[in-house]
Structures are given as structure tokens and as C-alpha cells.
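What follows is a set of notes on a single structure, which appears directly below.
What follows draws every value from the coordinates through simple rules; no lab data is involved. Computed from a predicted structure; not experimentally measured. Positions of Cβ are backbone-derived with ideal geometry, glycine not excepted, and every protein chain shown enters the neighbour counts.
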Amino acid sequence: MRKELYIFKDGKPLTMTIRGYGLSDFEQMIAVQQESFPPPFPEDLWWNEEQLAEHVARFPEGAICAVAEGRLIGSMTGLLVDGSSLDGDHNWAAVTDNGYIRNHNPGGDTLYVVDISVIPAFRKSGVGKWLMQTMYETVVHLGLRRLLGGGRMPGYHLHKEEATPEEYVRKVLEGEWRDPVIGFLLRCGRVPVGIAEGYLEDEESGHCAAIMEWRNPFFEAFEPAEA
């Protein structure tokens, strides 16, 4: 998969390529993680080369990156899972095999987002939205039911004494409070369908995540007609 499009940086159009990442990209992939998630984000959650090798080998369709100005500026990774296994509470480590995706299920009906990263210099340029759109296209192309994943709630720590995680998300949806990650996912078309507690080591989010979904509007067309 490879496509070229325009993003806007500092008010000017700039060519960006979205493509699959491979072995030659690993060093830059790790650098993107380090730049995107500086401390206090846990350093042991940055990608390592073994994880990246598993992504490329097991589900290359879910291993994509964005390139502009001669360097990687963002990436997104996913795996396929059986959607029924995600009913109720779950955490990032269990669903993603701690980011190694060795539990990738080729017969799964749900593309689960492992990670999306964009370096600070290119945020608000549309990079993340285009990466997400590309994953939606993958969902449609593979005839999957949906895309699902946990969204951080970095603004929750400002309100955790006055609201539960569920109440916090409701306030964001009502426009009373703002959250940069949930807001981004909403603008990408994702819809919150639940809260996962103990999702990830993330003090800003109260270790919780908003589970957010995008349903394939064409899925019914892939299902066999009843006899």
C-alpha cells in the first residue's frame, strides 16, 4: 500500500506519503515514538526492533507510516482480533500482546489499534487523521466489521476528583470539557463505546482509556445472503 496526498504545515501545502513500514524504517520508527511520547510517558512502551519485526511479518497491512520532508513523521499499527473477545473490560497489554501482536488473528473481524504517533512538529497538520483514514480503508478492503481501540484521556487528571472516567467522557461529548485525544478521535469519526480501567500505565488518564469504535458502513455487503 502506498499513496501520496497533501497536508498543510504552517499554512502551506506539503506532499506526504503514507505507506507500509519495513526493516529499513525501524530506526526512524523508534525515533518517532521517542519524540511523540517523551517522559513521563514510560520509555519501555516505546517500540523496539523485535516488536516492529513482528508487525511487519504478521500483519503488514496494519503497519503504516507517514513520510514528509524526507523523514518519517508518524505511524500507525494495528492487528486483527475476534471482536467478541473484547466484550467487557480489557487492557492494552493483553489485546496487543504487549505490542508484539503475536496473537494476531488473521480470521478476526476487528482491526484493533495498537498505536498511532505523530511527531509534535506535524501535529494539527492532518497527519493523524490521514493515518486513521487509511486504516478505515484497510477495514473496508479486508471486509472487517469495525476498527476499535483505546483512546488516552490526558485531560482526566484535571477532573478525577470530581468525575468518574465515564462522567469525564460524557462531559467531553457535551462540550463542557475538552480532551485533545478524545477530541481528535471524534473528529476522525470514532465513537466511544465504553471505558477500560487499568488499560495502560498512564497517570494523566487515570490509567483508563475510552474505547472508541469506527464501524465499517459496507460490512453488511460482505456478509453472505441468507438462503
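Of the DSSP beta bridges with both residues in the chain, give the percent that are antiparallel, rounding to the nearest 5.
That works out to approximately 90 percent antiparallel.
Rule-of-thumb check for region 37-165: C-alpha Rg over 2.2 N^0.38 Å?
Taking N as the residue count of region 37-165, the ratio is 1.11.
For THR17, put the label point 7 Å out on the Cα→Cβ axis and report which residues of region 60-74 keep their amide N under 13 Å from it.
Only 65-73 pass the distance filter.
Which listed residue (ILE211, PRO120, GLY78) has the Cα farthest towards the positive end of the charge dipole for the chain, taking +1 on Lys and Arg C-beta and -1 on Asp and Glu C-beta about the Cα centre?
So the residue furthest toward the plus end is PRO120.
So how much slack lies between PHE219 and SER84, counting 0.36 nm per residue of separation and subtracting their Cα-Cα distance, in nm? Mind dumping the intermediate values first?
On the way: separation 135, 0.36 × 135 = 48.60 nm, distance 1.62 nm.
Contour length minus Cα-Cα distance gives 47.0 nm.
Contact order normalised by length for region 131-227, with contacts defined as Cα pairs under 8 Å and 6 or more residues apart; what percent is it?
39
Under 5 Å between amide hydrogens, which residues at least 5 positions from GLY151 or on another chain qualify, with H placed 1.01 Å from N in the peptide plane?
Correct list: ALA210, ILE211, MET212.
Before rounding to the nearest 500, sum -39500 (n - 2.57) across all DSSP H runs of length at least 4 in the chain and divide by the residue total; then give [θ] at 222 nm in deg cm²/dmol.
Rounded to the nearest 500, the figure is -7500 deg cm²/dmol.
For the charge dipole of region 161-206, defined by +1 on Lys and Arg C-beta atoms and -1 on Asp and Glu C-beta atoms about the Cα centroid, which residue among ALA196, TYR168, PHE184 has the Cα displaced farthest towards the positive pole?
Comparing the listed Cα positions along the dipole, PHE184 ranks first.
So between ASN103 and LEU173, what do we pick up on full extension, going 0.36 nm a residue minus the alpha carbon distance?
Between ASN103 and LEU173, full extension yields an extra 21.9 nm.
Mind putting a number on the dipole of region 152-227 about its Cα centre? Charges go on the C-beta only, +1 for Lys and Arg and -1 for Asp and Glu, and I need it in Debye to the nearest 20.
320
Evaluated at 10 °C with a viscosity of 1.306 mPa s, what Stokes-Einstein diffusion coefficient in µm²/s does region 123-217 have when Rh comes from the Kirkwood expression over alpha-carbon pairs? Spell out each step's value before the answer.
On the way: Rh = 13.8 Å.
Translational D for this selection: 115 µm²/s.
Tell me, Kirkwood radius of the chain from alpha-carbon pair distances, in Å?
For the chain, inverting the mean 1/r across all distinct Cα pairs yields 18.1 Å.
May I ask you to derive the relative contact order of region 34-177, considering only C-alpha pairs under 8 Å and at least 6 residues apart, and to give it as an integer percent?
Reported relative contact order: 22 percent.
Label region 169-218 by shape, choosing from rounded, prolate and oblate, from the square roots a ≥ b ≥ c of the eigenvalues of the Cα gyration tensor; if a/c is under 1.5 it is rounded, and otherwise prolate applies when a/b is larger than b/c, oblate when it is not.
Oblate is the answer for region 169-218, as a/c is 1.5 or above yet b/c matches or exceeds a/b.
How large is the dipole of the chain about the Cα centre if only Lys and Arg carry +1 and Asp and Glu carry -1, each at its Cβ, rounded to the nearest 20 debye?
The dipole magnitude comes to about 1060 debye.
Roughly what would the spin-label model give for GLU27 and ARG71, points 7 Å off Cα along C-beta, in nm?
With each label point 7 Å from Cα toward Cβ, the separation is 1.3 nm.
Applying a 10 Å radius around every beta-carbon, put 169-175, 134-140, 207-213 in order of their mean neighbour count, most first.
Packing order, densest peptide first, comes out as 207-213, 134-140, 169-175.
Classify region 20-84 as rounded, prolate or oblate from the Cα gyration tensor: take a ≥ b ≥ c as the square roots of its eigenvalues, call it rounded if a/c is under 1.5, otherwise prolate when a/b beats b/c and oblate if not.
oblate
For region 92-157, with the dipole built from +1 on Lys and Arg beta-carbon atoms and -1 on Asp and Glu ones, taken about the Cα centre, which of GLY108, GLY155, GLN133 lies farthest toward the positive end?
GLY155
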